[in-house]
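The values are calculated or read from the model by the stated rules, or taken from the named source; none is laboratory data. Predicted, not measured: the structure shown is a model, and the values here were computed from it. Neighbour counts run over all protein chains shown; Cβ positions are idealised from the backbone, glycine included. Heads up: the accessible areas ignore ligands, DNA and RNA and are worked out on the full protein's heavy atoms, side chains in. Shrake-Rupley method; radii C 1.70, N 1.55, O 1.52, S 1.80 Å.
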Amino acid sequence: MGFVFSKSMNENLKAQQEFMLMNSRLQLERQLLMQNQMRERQTAMQIAWTREFLKYFGTLFGLAVVGLTAGAIKKKNPGVLLPIVPLSFIFAYQYDMGYGTLLQRIKG
């Protein structure tokens, strides 16, 4: 009689362990899906922020190019155009981040 009772207990324990294992796998899959969604949302927010920043920085860059070009022509000194170089690198980086393939290259 004790053998039948212990056999039933072992089966219940085994079934409970299988259920717990399946439950933990399901929970892990859900956590991974949630983490992927969070990462995608963060990436989308970063792209949106970069595009918004690019609007303002593009305006600043355009005004700087026009102003520095006018100043270089007026003073007849091409050295006045020197700040355009780093500004163009920043503009190109931000454009690539917002509208280009920078994030895909980073993932790769």
Condition first: open to solvent by 100 Å² or more (accessible area, probe 1.4 Å), outside any helix (DSSP H, G or I) and more than 25 Å from residue 103 (Cα to Cα). Can you find one or more residues in the stretch 68-84 that meet it? yes
Count of residues meeting criterion [open to solvent by less than 100 Å² (accessible area, probe 1.4 Å), part of a helix (DSSP H, G or I), under 16 Å from residue 48 (Cα atoms) and modelled with pLDDT of 80 or more] in the stretch 92-108: 4
Considering only the stretch 83-95, I want to know if a residue exists there that is of a type in the set (Phe, Trp, Tyr) and out of contact with any Leu (no Cβ under 9 Å at 6 or more places or on another chain). yes
Output for Cβ contacts, cut-off 8 Å, separation at least six or different chains, first residue more than 14 Å from residue 57 (Cα to Cα) in the stretch 82-105, second of a type in the set (Asp, Glu), reads 102/96
Out of all the residues in the stretch 65-82, which are of a type in the set (S, T, N, Q) and either in contact with a Leu (Cβ under 9 Å, 6 or more places away or on another chain) or at pLDDT 95 or above (or both)? 69
Close pairs (6 angstrom Cβ cut-off, 6 or more residues apart or separate chains): touching a residue at least 24 places away in the same chain (Cβ under 8 Å) in the stretch 55-69, part of a helix (DSSP H, G or I) and aliphatic (A, V, I, L, M) anywhere: 61/87
Matching option when the condition is modelled with pLDDT under 95, at negative phi and not small (Gly, Ala, Ser), among 19, 61: 19
